[in-house]
Structure formats: C-alpha cells, structure tokens
Protein chains: 2
Amino acid sequence: MNLPDPIKNFIHYFSKLPSIGPRQATRLSFYLINSGKSEIDGIKKSLEELEKMSVCEKCFFVFLPKNGSEKICEICASDKRDHGLIAVIEKETDLISLENTNKFNGVYFIIGNLQKNGTLGMEQKTRLSKLKNTIETELDGKANEIILAINPTTYGDFNAAVLAKELKSHAKKITRLGRGIPTGGEIEFADEETLGNAIERRI
Amino acid sequence: MNLPDPIKNFIHYFSKLPSIGPRQATRLSFYLINSGKSEIDGIKKSLEELEKMSVCEKCFFVFLPKNGSEKICEICASDKRDHGLIAVIEKETDLISLENTNKFNGVYFIIGNLQKNGTLGMEQKTRLSKLKNTIETELDGKANEIILAINPTTYGDFNAAVLAKELKSHAKKITRLGRGIPTGGEIEFADEETLGNAIERRI
C-alpha cells in the first residue's frame, strides 16, 4: 500500500532518530494525525525552542545561552567549580546522573559514544585534542585529576585504558569510578567480579 | 540537576507520545541539539506536512485531501471496492497489513484500540454507532459481511465476541480471520491451539 507523502516524509525523518524505527515512526504519524493540530503545534513549538540551545565549546554539554553569545556552558564558566578536576564521560545523560549526586565539584568533558573496537573515532580524536589543548592552555599542561567515568563494562574498561594512555601526560592522576555492590543490592546476587571488587576495595 | 526550559519542554511533549518515555525523550533532545538546526528543521517541516492529513469520517483511516475539502478517504470513496464487505480493525497499521495482501476488496472500519475488560470505551461506542448508521443509510440496514479482523489473542477473541453481538443485526454474516499455521511456520513449534485450528480448518 502506497502511503501518502506527508506520512512517508514523517517516517523518513523520525526513523532517523535514535531508537525509533520505521514501524514506531509509522504508528507515531497515525497517533499525531488523530491527535490533531494543537498537539502537533505543541511539538513543533518545542522543537523551535530546542533550536535555541547550544553545545559548549569546552565540554560539549548542551546549554541555553542567556544573551545568545556565550560559547561555554554554566559549569565550564563557573568559578565555583574545580577546573583541575575533569570527569571524562560518554554522554550528556551521564553528566546529569553524576551532577545529581551533588558529590562532584569538578568539570566535565563529553567524549561522545565510544566504539567497541578499542580505537577512537574521528569525533573522539577531535574532542580529545580539544581537551588536551584546554589542559595545556588553562592548566599549565596537567590537570590535577582526570576521572574516566566510563561504564564499567568490558568495552568500557577497554576504552578507558585507551583514554588513560592518551591522557597520561596531561594529568597528575587518572582515576575511574569506584566499584562494589550498589546500594540496595544483595550480596547473594552480586556477580563474582563485583563482589571481588567489593572485597578488595572494602571501606 | 535542573535542565534548561527548552529541554524540559521538549521532554514534556515527546514523552506524551506512545512508547516514548521521559528517558528516551531526554536522549532525543540531546541528539537533536547535537544534530543542529537543519535536522530539527527537517522534522518541523515533516510535522507541518502531517497537519495536511485528515481522518476519514466514514472509516477513521487517515488520508490526504486532494483539494482540501474531501471528508472521506480514497478507499471509502472508491466505486471499485465492495462496500457491503466491511473489515472491522483496531488500528491503521492493521489496515496497511491487510491492504498489502492484495486479497481484500472490501472497505475498512477502524474501531480503535480495544480495552482488555470486554467493555467498549466511549470512543468505540461512538464509532460503532457511526458504523451502524452507515450500514443503515447506505446498505439498507445490513452489510453482506462484516469481518472482525481483531487479533486472535485471548482479549481479541473476547472483544470480537462483544463486537459480534453488537453488529449481529447489521450484517448477513459475521466472520473472523482464518487461523492455522503461518506460512513458513513449523508444525513442531506451533502451539496446540494453533495446530488444533489448523486440523479443524484443513484446506
């Protein structure tokens, strides 16, 4: 069955979005047509608003420029944060999670989604040069500490090792997030690796 | 962490969409901000296009009015279709699936997603009156055949029984889709219910 162009066009754009496939996009189109103009207008408006957001030139997090001309985000611009302590993270949502702990007063650096083959993509290489450059010009060549806040998975460990090697000469200390039993977790169900780490790093 | 208003607003609208939750909406916002203006503009454009679509007053399927004033879709308006043969379906995607078989030359009627408690919702009741009304005014009170093309699940069977009762006086014959082993399926892995149906309705 040949779908009308507006639906095909909608599916084309929406199925390009992460974790939305053509089937979900098709269902979304029917949902929106049935919802009517005011619902669609609300979404269009929210997209217009989104266009006001910028990406920080220093850490690559998103931010809303107050007067339209700032190039860096509130965290990177803040003099209350410790700029010598840098958490390297994969994605924006990791920043939100870490920030919500209220335990971190350093700054962030979003390296972007890491590949699974232990090599850095073009984007990662560009961002890494940017980070090194910031450390060289603003921190006299060495950050006090770089926390590689990468997921503690097999690939994450692999990638963290690659990043550690790359950043070794640009930090006095390179660390990763602590490992152990998550709060609320049960010893009985912890895997051996996690439990082993919890014994070694007991507090 | 307090997210900027444009992101909060975006999450508000996008997490209202079916099968998109607040987490996915958050990730989408970051994805779009990083993609930039042209990507967002493409999506906005596709939403504008979608607003041109209408919902058919007769069968509730979506369609693109050619001159802006039609109230019914191509299928309902076609004189090549058998208007006495009506397939009652739950949703638009079911229509596309049935239409793609090229085996159905009747018309459709979208009843909307059925509840799981065997009662018809307000929306379903309104649509059902509409269908009865169409049958009374255009088919002299009785359709030749109504196919209840509802999913052959427990709830689907239940709802089909409710609909069959409601429509009994408005059709000479009420049928459901045939059941058996799907093409490409293996007897070994067919459940007993399916296999039982396949034996009873052998061809």
>> Over chain B, with a Gaussian network built from C-alpha contacts below 10 Å, which listed residue (B:L47, B:L98, B:L32) shows the highest mean-square fluctuation?
In response: B:L32
> Out of residues 5 or more away from A:A87 or on other chains, whose amide H comes under 5 Å of its own, with H placed 1.01 Å from N in the peptide plane?
Replying inline: A:V107, A:Y108, A:F109, A:I147
> Considering only B:T26, B:A161, B:S69, whose Cα is most displaced toward the positive end of the charge dipole of chain B, charges sitting on Cβ of Lys, Arg (+1) and Asp, Glu (-1)?
Replying inline: B:S69
> Over the Cα atoms of the range B:27-168, Rg to Rh with Kirkwood Rh, two decimal places?
Replying inline: 1.07
> Which whole-number percent of Cα pairs in the protein assembly as shown have a distance greater than 35 Å?
Replying inline: 49
> How about the range B:4-76: which trypsin sites (Lys or Arg not before Pro) there are in a DSSP loop, with at most 10 other Cβ atoms within 10 Å of their Cβ?
Replying inline: B:K66
> Residue by residue through the range B:75-87, which ³J(HN,Hα) values in whole Hz follow from phi under the Karplus form 6.51 cos²θ - 1.76 cosθ + 1.60 (θ = phi - 60°), with glycine and proline marked x?
Replying inline: 5, 5, 8, 6, 8, 8, 9, 8, 6, x, 10, 10, 9
> Taking +1 at the Cβ of each Lys and Arg and -1 at the Cβ of each Asp and Glu, which of A:T183, A:I96, A:I150 sits farthest along the dipole of the protein assembly as shown towards its positive end, judged by Cα position relative to the Cα centre?
Replying inline: A:I96
> Using 20 Å as the cut-off for backbone N distance, which residues of the range B:86-130 belong to the label zone defined by a point 7 Å from the Cα of B:E57 along Cα→Cβ?
Replying inline: B:107-112, B:123-130
>> Give the A-B buried accessible area in Å², both sides summed, 1.4 Å probe, nearest 100.
In response: 4900
>> Taking each residue in A:83-95, count the Cβ atoms of any other chain within 10 Å of its Cβ, then average. What number comes out?
In response: 1
> In terms of modelled amide H atoms, which long-range or inter-chain residues lie less than 5 Å from the amide H of B:G121?
Replying inline: B:Q115
> In whole percent, how big is the carbon plus sulfur part of the accessible area of the range B:5-51, probe 1.4 Å, protein atoms only?
Replying inline: 49
> Hey, got the dipole for the protein assembly as shown? About the Cα centre, +1 on K and R Cβ, -1 on D and E Cβ, debye to the nearest 20?
Replying inline: 420
> For chain A, what is the relative contact order in percent, using Cα pairs closer than 8 Å and at least 6 residues apart in sequence?
Replying inline: 13
> Based on Cβ point charges of +1 for Lys and Arg and -1 for Asp and Glu, what charge dipole magnitude is obtained for chain B about its Cα centre, in debye rounded to the nearest 20?
Replying inline: 400
> Using r as the Cβ-Cβ distance of A:K45 and B:N34, and R0 as 22 Å, what FRET efficiency do you calculate, to the nearest 0.05?
Replying inline: 0.60
>> Need the C-alpha centroid separation for the range B:83-141 versus the range B:6-20, integer Å.
In response: 31
> Cβ under 14 Å from B:L3's Cβ, B:L3 left aside: what net charge do those residues give with Lys, Arg +1 and Asp, Glu -1?
Replying inline: -1
> Picking from B:N9, B:C56, B:S46, whose Cα lies most toward the positive end of the charge dipole for the range B:1-72 (charges on Cβ: Lys, Arg +1; Asp, Glu -1)?
Replying inline: B:N9
>> Treating only the Cβ of Lys, Arg, Asp and Glu as charged (+1, +1, -1, -1), what charge dipole size does the range B:19-68 show about its Cα centre? Round to the nearest 20 debye.
In response: 100
> With a sphere of radius 12 Å drawn around the Cβ of A:L148, what net charge do the other residues whose Cβ falls strictly inside it have (Lys, Arg +1; Asp, Glu -1)?
Replying inline: -1
>> Only Cα pairs within less than 10 Å get springs; with that Gaussian network setup on chain A, which residue of A:I135, A:I150, A:I40 has the largest fluctuation?
In response: A:I40
>> What distance in nm separates the two pseudo spin-label positions at B:E186 and B:N102, each 7 Å out from Cα along the beta-carbon direction?
In response: 3.1
> Is there a simple number for the mean count of other chain Cβ atoms within 10 Å of the Cβ of residues in A:55-61, and what is it?
Replying inline: 1
> Between B:V62 and residues 5 or more places away or on another chain, which pairs have amide H atoms under 5 Å apart, with H built 1.01 Å from N, and which residues are they?
Replying inline: B:C56
> Modelled label-to-label distance, A:K125 and A:E145, 7 Å Cα→beta-carbon offset: nm?
Replying inline: 3.2
> Reported to two decimal places, what Rg/Rh ratio describes the range B:1-69 when computed on Cα atoms with Rh from the Kirkwood expression?
Replying inline: 1.11
>> Counting only other residues whose beta carbon sits under 14 Å from that of B:E57, what net charge do I get with K and R as +1, D and E as -1?
In response: +1
> To the nearest 0.05, how large is the calculated FRET efficiency for B:E136 and A:D157 if R₀ is 45 Å and r is the Cβ-Cβ distance?
Replying inline: 0.05
>> Given a 1.4 angstrom probe, what's the average accessible area per residue across the range B:55-176, in square angstrom?
In response: 53
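The values are calculated or read from the model by the stated rules, or taken from the named source; none is laboratory data. Remember, it's a predicted structure, so these values are computed and weren't measured experimentally. Note: ideal-geometry Cβ built from the backbone for every residue, glycine included; neighbour counts use all protein chains shown. When the accessible area is computed, the model is the full protein with side chains, heavy atoms only, and any ligands, DNA or RNA have been set aside. Shrake-Rupley method; radii C 1.70, N 1.55, O 1.52, S 1.80 Å.
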